[in-house]
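Trainee: Before I ask anything, here is the structure I am working with.
The values are calculated or read from the model by the stated rules, or taken from the named source; none is laboratory data. Computed from a predicted model, the values in this text were never measured in an experiment. Don't worry about glycine lacking a Cβ; one is built from the backbone with ideal geometry, like all the others, and counts go over all protein chains shown.
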Amino acid sequence: MLRNQHRYVAEASDRNGQRLGELVLAPDFTPAAEWSHLQGMRCGVLSALAHHGPGTVEPVYDENLGRPYIAGICVRFDEGAPSHKDPLIPWRYFQQCVEGSARRLVEDGTLRAGESFVYRICAFPARPDETTPTAVSETLVGETPVALTLDHATLTPRRVRADRMCEAAWNAADYPVFVHPEVLDEAAELARAAGDHETGGILVGHLLRDTVTREIHAEITAQIPATQAHAGSTHLRFTAETWSAVSDALALRKRNEIWLGWHHYHPFFCRKCEAAQQNRCTLSHPFFSRDDCELHRTVFDTAFSVALLLSDIGEPSFSYDWFGWRHGTVAARGCYLLKRDGGSKSIARANGGSTPAARVLSMSAKT
């Protein structure tokens, strides 16, 4: 059970500081709890579970603005040690929730579609008789959390024999992930065969704990093609048959691998456009769409899940970008690419990582 004893409100204003009103929010705190739980696992104060245990969401009030304005939230787990400092989830975690609630300002004429606004998040204690709005059920998935098997490995030698991918997206808050170059090769083969259609698959491997620092890291050892998925030029939908095929493949491999995420391919959407138009178009650059984020949220919701995006942007080789959970939201991240036997690098071009800028201040009819 994830407990929430506060109600959260966005105080909206126009760009000149004129108050527009308050937006009642129904945030989904599960991603924040999952990410916080992984951080506790990394430092050894929380058990290694596939999903978080019972805990409480608490606001962290802004030291400069004071109550009721918050700097963010934290999740305190019942299992955690009293001395453990729970990580801060910044107040921007509420962004998507605010964008959804802000539609009311357009509907009642307070804002025009496309008009900008600013906001701050406020937290108020809920009354005993008040139902605190949340986006999802607070019940933990499954009766008993599933324990994760963490193999022991030494982290430093792995870093030595690996190259950093997506350097511009590197962040110290992300847990280390290593990928074998053959995984990228196989994903690229699928992409080339798909042509102008999207394609993808499931990333599998092991979660490991460093024998010295106790840091948790992942090793992606293989990818399993999603041959049963529904794919088109602008979409990829996994099916029940996909999950069955992945489970069967893991059973046949007999390597005790687990799901660590997924990969998918974006074809060159702007192939028929003029060069000048391609430079201005966001579709001509690597991007993780809202549909991609939603799939990652609903299917790969464990905080250690990552996503690999292959993009054809009209260059000789594909662009390779990595995404994962950070502070409870999906963000571009880095990854370690293990060297091939003999030390040669993969042919993969490690891009700097790119995702559309989130619209914090703008509204449109399709938001």
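Trainee: Name every residue in region 316-350 that is modelled with pLDDT under 50 and in a loop (DSSP other than H, G, I, E, B), in order of residue number.
Mentor: Residues satisfying the conditions are Gly343, Ser344, Lys345, Ser346, Ile347, Ala348.
Trainee: Failed condition for Pro90, given (1) modelled with pLDDT under 95; (2) surrounded by fewer than 17 Cβ atoms within 10 Å (Cβ to Cβ), with all others met?
Mentor: (1)
Trainee: Let me ask another. Looking only at region 16-51, filter to residues that are among the small types (Gly, Ala, Ser) and under 17 Å from Leu208 (Cα atoms); which one of those is surrounded by the most Cβ atoms within 10 Å (Cβ to Cβ)?
Mentor: So the first thing to find is which residues in region 16-51 are among the small types (Gly, Ala, Ser), and the list is 17, 21, 26, 32-33, 36, 40, 44, 47-48, 50.
Filter once more, keeping what is under 17 Å from Leu208 (Cα atoms): 40, 44, 47-48, 50.
Details: Gly40: 23, Gly44: 15, Ser47: 15, Ala48: 18, Ala50: 18.
Going through the qualifying residues, I end up with Gly40.
Trainee: For region 170-186, how many residues are part of a loop (DSSP other than H, G, I, E, B) and either touching a residue at least 12 places away in the same chain (Cβ under 8 Å) or in contact with a Ser or Thr (Cβ under 6 Å, 6 or more places away or on another chain) (or both)?
Mentor: Filtering region 170-186 down to residues part of a loop (DSSP other than H, G, I, E, B) leaves 170-176, 180.
With the extra rule that they be either touching a residue at least 12 places away in the same chain (Cβ under 8 Å) or in contact with a Ser or Thr (Cβ under 6 Å, 6 or more places away or on another chain) (or both), the set shrinks to 170-171, 173-176, 180.
Total satisfying the criteria: 7.
Trainee: Out of Asp62, Asp86, I need the residue that is touching a Cys at 6+ places or on another chain (Cβ under 7 Å) and of a type outside the set (Lys, Arg). Which one?
Mentor: Working: Asp62 fails: touching a Cys at 6+ places or on another chain (Cβ under 7 Å).
After applying the criteria, what remains is Asp86.
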